[in-house]
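Engineer: Take this structure first; my questions come after.
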Amino acid sequence: METIIQLFNLDKKYGAVHAVDNLSFTIQKGTVYGILGPNGSGKSTTLGMLLNVVNPTSGTFNWFDGQMSTHDALKRVGAIIERPNFYPYMSAAQNLELVCKIKGITTDKINEKLELVNLLERRNDKFRTYSLGMKQRLAIASALLNDPEILILDEPTNGLDPKGIQEIRHIIKYISQQGTTILLASHLLDEVEKVCSHVVILQKGKKLYEGRTDLMTQSHGFVELKAEGDVEKLTSILLNFKGIEKIEKENEMILAYLNLDINTGQLNQYLFENGIVVSHLKMSKPSLEQRFLVLTE
Ligand code: ADP
Ligand code: MG
């Protein structure tokens, strides 16, 4: 697999604020990679460092296996990290022509990219007549003009209405299917879940999770139980049951955390055979939303 970018202990402090704290992760080609975290967790600062607009306090990163300078690597990157800004009295097409001139690339991809973001019919309308969703789509078209290897988006659906959000997500999926790697920062669990194949979760600049999105969301939950007798003995018997990985005590209640789906009937039978009678046994599966809140609390 080809590596698009790798971060090694990247760190950023703004005075007393530790915006990004010893962050490492790797993005492989072809993935839709999410940086997920609440506001202020360091997502934009991370993107800024990768794009050379924020200086890291320490740590490093490598674009494309470190085979080229960041300056050259960034020519193969398309990024939107600020509110889309174009000339209001120029049309979409004229704005993109200007972008091509500034970037020193040919203008022959303009219509193709406008079509991709569903703005071809509006190509001659002035930018100031565009809705926020259209502006965002135009920014995506603009970032794609040089056929980048990776497209970077910071909170791409912020401020959009549900239809606008859906359009952007649809476009992201389409671009990804064409083989472009995507890196997207978002504070929305739902967005990352719907769009991203991989995710790094940040809290106060620190990594809480890195990996496949579907594994993040896979929870086997826990079993709540109450039983008379020796807690130590009960704990060791529970830990011998396949699927139980951890025991916690919460007041009267014992919580058995699972790493497999289990059958509570079988657990009850097993405990009974080991001389334990439970007065309470209940399966609990926290929702994704709850898990994310726990992760980021
Ligand atoms: P996110 O994008 O996840 O909302 P940011 O990367 O914007 O988070 O911010 C992370 C932390 O760094 C926040 O506490 C923010 O206030 C602080 N921060 C970001 N940029 C600056 C800056 N230029 N100067 C001082 N503090 C900053
Ligand atoms: Mg941000």
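The values are calculated or read from the model by the stated rules, or taken from the named source; none is laboratory data. Computed from a predicted structure; not experimentally measured. Here the Cβ positions follow ideal geometry from the backbone for every residue, glycine too, while neighbour counts run over all protein chains shown.
Engineer: Filter segment 26-79 for residues that are part of a helix (DSSP H, G or I), without any contact (Cβ under 8 Å) to a residue 60 or more places away in the chain and within 16 Å of ligand 2 (Cβ to nearest atom) and give the result.
Structural biologist: If the condition is that a residue be part of a helix (DSSP H, G or I), without any contact (Cβ under 8 Å) to a residue 60 or more places away in the chain and within 16 Å of ligand 2 (Cβ to nearest atom), then G48, M49 are the ones that fit.
Engineer: Taking into account only those residues within segment 20-41 that are farther than 16 Å from L153 by Cα and among the β-branched types (V, I, T), which is surrounded by the fewest Cβ atoms within 10 Å (Cβ to Cβ)?
Structural biologist: Going through the qualifying residues, I end up with T26.
Engineer: To continue, here is another question. What pairs can you find where one residue is in segment 166-194 and modelled with pLDDT under 95, the other is buried (at least 20 other Cβ atoms within 10 Å of the Cβ) and among the small types (G, A, S), and their Cβ atoms are less than 7 Å apart, with a gap of 6+ or different chains?
Structural biologist: As it stands, the answer is H187/G37; V192/G34; V192/S186, since those pairs meet every condition given.
Engineer: Just checking, does segment 35-52 include any residue being more than 16 Å from ligand 1 (Cβ to nearest atom) and closer than 19 Å to G211 by Cβ?
Structural biologist: Among the residues of segment 35-52, not one is more than 16 Å from ligand 1 (Cβ to nearest atom) and closer than 19 Å to G211 by Cβ, which makes the answer no.
Residues are listed down the side, and each one gets a yes or a no for (1) buried (at least 20 other Cβ atoms within 10 Å of the Cβ); (2) of a type in the set (A, V, I, L, M, F, W, C):
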| position | (1), (2) |
| --- | --- |
| K43 | yes, no |
| L51 | no, yes |
| L74 | no, yes |
| Y87 | no, no |
